[in-house]
Amino acid sequence: MVIFPTIALYSARKGISLWISNVLPALLPFFICANFLQNIGVIRLFKSGVFPFAMSVLSGYPMGAKIVGDLKRDGEISMREAKRLMSFCSTSGPAFMVGAVGAGMLGSGMLGGIIAVAHYIGAFANGVLYTRILGRDPAIEISSLRNGSSGRGIQESFTEAIIMSFRSLGIVLAYIVMFMFITDLLHMCGGFSLVESQSVRALVKGFFEMTVGCGAVAECGSMTESMKCILSAAIMSWGGLSVLGQSMSMLSGTGIPIKYLFVSKLTHSIFAAAAAFIISLFVL
């Protein structure tokens, strides 16, 4: 960053702009809600997978990882259950896929809808796969779980939820800016130009940061709409190293290895790409 200050400044501005305009308004209400419900113990009324999956679908990355991490650190789920939940509770939000990627980048909300449906089908298939591999824990009686409120009042719990939410979103911002800088630096140094194929280049960019990757897919003028859906679904389900880093930060202290998360996101990406291919055959 010292050697390339112009790129660092440009990347930081771009990353902060993305965070303020898209990430913060999309995630902050859900982060506060999830933290508050957990602080007052309401989350204990849901089965272990229902709440993190619902919040992940509604708000997007890295909400699912944040809730699973909290449940594991609080001792409410086992390591096996945490790993199982992460296989299908790490998803993007429909507003981003349909609005930002579909309508905004690809110029069609319908394409965004195909990407979103394929993404969630991929998450479901991924969950089935890892449930068969890992097994699942027996249902835990609500009475055996600890009191999530820990004696705190409503106001104190809500204030703590706000503070925890901004802390988590600050971590998300740091990862966005860092990987924006990495992709911009590789682009300036000609690293991506070494890859001749536009589709492969888009996948390489998406490997680092999904927004950059989807933008690269949209720039492939000669690519068919079905192929754009397939690549975008794969990139969105993989999430990029940026989302991987965000998720691991939310899972800090749980003991879940990054290797497991890497492989589970890779299989999610494959399932989503296959689903997008099948859907495209009937829709496009």
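The values are calculated or read from the model by the stated rules, or taken from the named source; none is laboratory data. Everything quoted here is computed from the prediction, not taken from an experiment. Cβ: placed from backbone, ideal geometry, glycine included. Neighbour counts: every protein chain shown. The accessibility values were calculated without ligands, DNA or RNA, using every heavy atom of the protein model including side chains. Shrake-Rupley method; radii C 1.70, N 1.55, O 1.52, S 1.80 Å.
Key figures for this structure:
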| read-out | value |
| --- | --- |
| Yes/no for VAL283 being farther than 17 Å from MET97 by Cα, hydrophobic (A, V, I, L, M, F, W, C), open to solvent by 30 Å² or more (accessible area, probe 1.4 Å) and in contact (Cβ under 8 Å) with a residue 12 or more places away in the chain | yes |
| Qualifying residue in segment 261-268 (condition: outside any helix (DSSP H, G or I), touching a residue at least 24 places away in the same chain (Cβ under 8 Å) and surrounded by fewer than 16 Cβ atoms within 10 Å (Cβ to Cβ)) | no |
| Test result for LYS205, part of a helix (DSSP H, G or I) and at pLDDT 95 or above | no |
| Top-ranked residue of segment 217-243 - restricted to ones that are surrounded by fewer than 24 Cβ atoms within 10 Å (Cβ to Cβ) and among the aliphatic types (A, V, I, L, M), ranked as nearest to ALA118 (Cα to Cα) | MET227 |
| Subset of segment 54-75 [farther than 18 Å from LEU27 by Cβ and open to solvent by less than 20 Å² (accessible area, probe 1.4 Å)] | LEU71 |
| Residue count, segment 183-210 (criterion: under 10 Å from SER242 (Cα atoms) and not small (Gly, Ala, Ser)) | 4 |
| Hits in segment 82-116 - residues which are touching a residue at least 60 places away in the same chain (Cβ under 8 Å), aliphatic (A, V, I, L, M) and crowded, with 18+ Cβ neighbours inside 10 Å | ALA82, MET86, MET97, ALA100, VAL101, MET105, LEU106, LEU111, ILE114, ILE115 |
